[in-house]
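> Sharing a structure with you now.
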Amino acid sequence: MGIDPNKPSAARIYDAFLGGKHNFAADRVVAGRAVELVPGLPEIVRANRAFLRRSVRYALARGVDQFLDLGSGIPTEGNVHEVAQEIDPAARIAYVDIDPTAVLYAQDLLAANPHAVVIRADLQEPESVLGGHALRDLLDLSRPIAVLMVAVLHFTPDSPRLAAALRGYRAAVAPGSLLAISHATSSGADPAAVDRVADLYNRTGTPLVLRDRDQVAALFDGWDLVEPGVVYSPQWHPDPADAAVHDPAGFLTLAGVGLARD
Ligand SMILES: C[S@@+](CC[C@H](N)C(=O)[O-])C[C@H]1O[C@@H](n2cnc3c(N)ncnc32)[C@H](O)[C@@H]1O
């Protein structure tokens with residue numbers, strides 16, 4: 001599937017931040033350098049995973065039991081199918097990632113799961129994501145689904161292609177569907193350090209695009225943002241047991257959920 005261990009990948013760098021085992025030396029070098037620049041990165045990434053889990057539980061609490069996880073990453077603790085199927089064993093999940101390592105490990109993990117599939121695709125091509133048999137056999141697009149774009153859109157610069165893709169997902173889903181987005185932002189950090197992290201990524205061939213709150217809110221075009229709107233990741237529907245967060249902006253991640261009304 002074309003895995004090059006010498007070329008750092010966003011999926012494997014993220015796995016390294018999480019202390020996972022599915023990464024190579026080249027990925028760990030980039031991850032280590034990024035943590036030197038922004039020491040809170042491992043905690044930031046864990047908070048992002050916590051937002052992902054909360055958004056999945058939010059969807060299930062509203063009767064949405066089908067998930068399209070775009071940019072799903074290398075499987076790690078608290079994957080969408082684990083969180084969802086613990087609550088509803090019949091919940092269905094389609095994982096999509098552009099990275100061959102992420103797809104291989106996810107396929108391995110999910111081989112025996114009849115309610116989950118893994119698709120290798122670019123999320124900017126909704127026709128190929130939504131049109132494939134694997135997805136069509138699993139998800140019923142005439143019923144609401146939750147589209148997850150968690151920590152992925154900061155790898156897709158603004159372009160007519162991205163805008164068309166976002167419109168494509170919105171047009172394809174049934175009323176009652178949800179869109180969950182989390183996104184890296186530079187507000188709340190030392191801008192120079194964040195710029196250097198962005199440079200690091202740019203040199204790996206994966207552009208890192210930091211968007212501010214208005215730009216992240218604009219990604220929800222066509223969706224109604226649910227309360228409390230686009231906020232720092234720990235502020236989005238925190239669990240009652242979560243410790244109080246004193247510096248939410250320090251998490252450098254904005255997050256929100258949108259509802260497709262009609
Ligand atoms: C930082 S990880 C996030 C993983 C997971 N969503 C999470 O939040 O824990 C970003 C993932 O998005 C994937 N990705 C980046 N650009 C993509 C694209 N255009 N289409 C699909 N996946 C993409 C990367 O390969 C990587 O696995």
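> Name the single residue, out of those in the stretch 56-86 being of a type in the set (D, E) and closer than 29 Å to D247 by Cα, that is surrounded by the fewest Cβ atoms within 10 Å (Cβ to Cβ).
Selected residue: E77.
> Filter the stretch 202-234 down to residues that are basic (K, R) and either part of a helix (DSSP H, G or I) or loosely packed, with under 15 Cβ neighbours inside 10 Å (or both) and give me whichever is nearest to the ligand (Cβ to nearest atom).
The qualifying residue nearest to the ligand (Cβ to nearest atom) is R203.
> Go through the stretch 95-147 and give me each residue that's small (G, A, S), over 19 Å from P75 (Cβ atoms) and within 20 Å of the chain's Cα centre (by Cα).
Correct list: S128 only.
> Okay, next question. Return the total of residues in the stretch 21-36 being open to solvent by 30 Å² or more (accessible area, probe 1.4 Å) and farther than 16 Å from L200 by Cα.
3
> Then there is this: Would you mind stating whether A84 is hydrophobic (A, V, I, L, M, F, W, C), in contact with a Leu (Cβ under 9 Å, 6 or more places away or on another chain), at pLDDT 95 or above and in a helix (DSSP H, G or I)?
For A84, the condition - hydrophobic (A, V, I, L, M, F, W, C), in contact with a Leu (Cβ under 9 Å, 6 or more places away or on another chain), at pLDDT 95 or above and in a helix (DSSP H, G or I) - is met.
> Further question: Pick out the one residue from E77, E82 that is more than 20 Å from A10 (Cβ to Cβ) and either within 12 Å of the ligand (Cβ to nearest atom) or out of contact with any strand residue (DSSP E or B) (no Cβ under 8 Å at 6 or more places or on another chain) (or both).
E82
> Now for a different question. Go through the stretch 7-29 and report how many residues are among the basic types (K, R) and either within 14 Å of the ligand (Cβ to nearest atom) or touching a Phe, Trp or Tyr at 6+ places or on another chain (Cβ under 6 Å) (or both).
So the answer is 2.
> Let me ask you something else. Might you check whether a residue that is open to solvent by less than 30 Å² (accessible area, probe 1.4 Å), in a strand (DSSP E or B), out of contact with any Asp or Glu (no Cβ under 9 Å at 6 or more places or on another chain) and closer than 28 Å to R33 by Cα occurs anywhere in the stretch 183-201?
Yes, there is a match, as at least one residue in the stretch 183-201 is open to solvent by less than 30 Å² (accessible area, probe 1.4 Å), in a strand (DSSP E or B), out of contact with any Asp or Glu (no Cβ under 9 Å at 6 or more places or on another chain) and closer than 28 Å to R33 by Cα.
> Every residue in the stretch 1-19 that is touching a residue at least 40 places away in the same chain (Cβ under 8 Å), open to solvent by 30 Å² or more (accessible area, probe 1.4 Å) and within 15 Å of R46 (Cα to Cα), please.
Once the filter is applied, which keeps residues that are touching a residue at least 40 places away in the same chain (Cβ under 8 Å), open to solvent by 30 Å² or more (accessible area, probe 1.4 Å) and within 15 Å of R46 (Cα to Cα), the stretch 1-19 yields Y14, L18.
> Considering only the stretch 31-56, how many residues are over 18 Å from V152 (Cα atoms) and within 15 Å of the ligand (Cβ to nearest atom)?
Looking only at that region, the number is 2.
> Let me ask something else about it. Step by step: first the residues of the stretch 98-123, then only those that are more than 12 Å from the ligand (Cβ to nearest atom) and either without any contact (Cβ under 8 Å) to a residue 12 or more places away in the chain or acidic (D, E) (or both), then the one that is surrounded by the most Cβ atoms within 10 Å (Cβ to Cβ). Which residue is that?
Checked the stretch 98-123; the qualifying residue surrounded by the most Cβ atoms within 10 Å (Cβ to Cβ) is Q107.
> Part of a helix (DSSP H, G or I), more than 14 Å from the ligand (Cβ to nearest atom) and surrounded by fewer than 20 Cβ atoms within 10 Å (Cβ to Cβ): does that describe A174?
Answer is no for this residue.
> Is one or more of the residues making up the stretch 37-55 in contact with a Gly (Cβ under 7 Å, 6 or more places away or on another chain), modelled with pLDDT under 95 and open to solvent by 10 Å² or more (accessible area, probe 1.4 Å)?
Within the stretch 37-55 (the criterion being in contact with a Gly (Cβ under 7 Å, 6 or more places away or on another chain), modelled with pLDDT under 95 and open to solvent by 10 Å² or more (accessible area, probe 1.4 Å)), the answer is yes, since at least one residue qualifies.
> Does the stretch 144-158 contain any residue that is polar (S, T, N, Q) and either over 21 Å from N48 (Cβ atoms) or away from the ligand (no atom under 15 Å from the Cβ) (or both)?
no
> Please work out if D262 is free of Cβ contacts under 8 Å to residues at least 60 places away in the same chain and in a loop (DSSP other than H, G, I, E, B).
So D262 does not fit the description; no.
The values are calculated or read from the model by the stated rules, or taken from the named source; none is laboratory data. Remember, it's a predicted structure, so these values are computed and weren't measured experimentally. Here the Cβ is made from the backbone with ideal geometry for all residues, glycine too, and neighbour counts use every protein chain on show. To get the accessible areas, we keep the full protein, side chains included, count just its heavy atoms, and leave off ligands, DNA and RNA. Shrake-Rupley method; radii C 1.70, N 1.55, O 1.52, S 1.80 Å.
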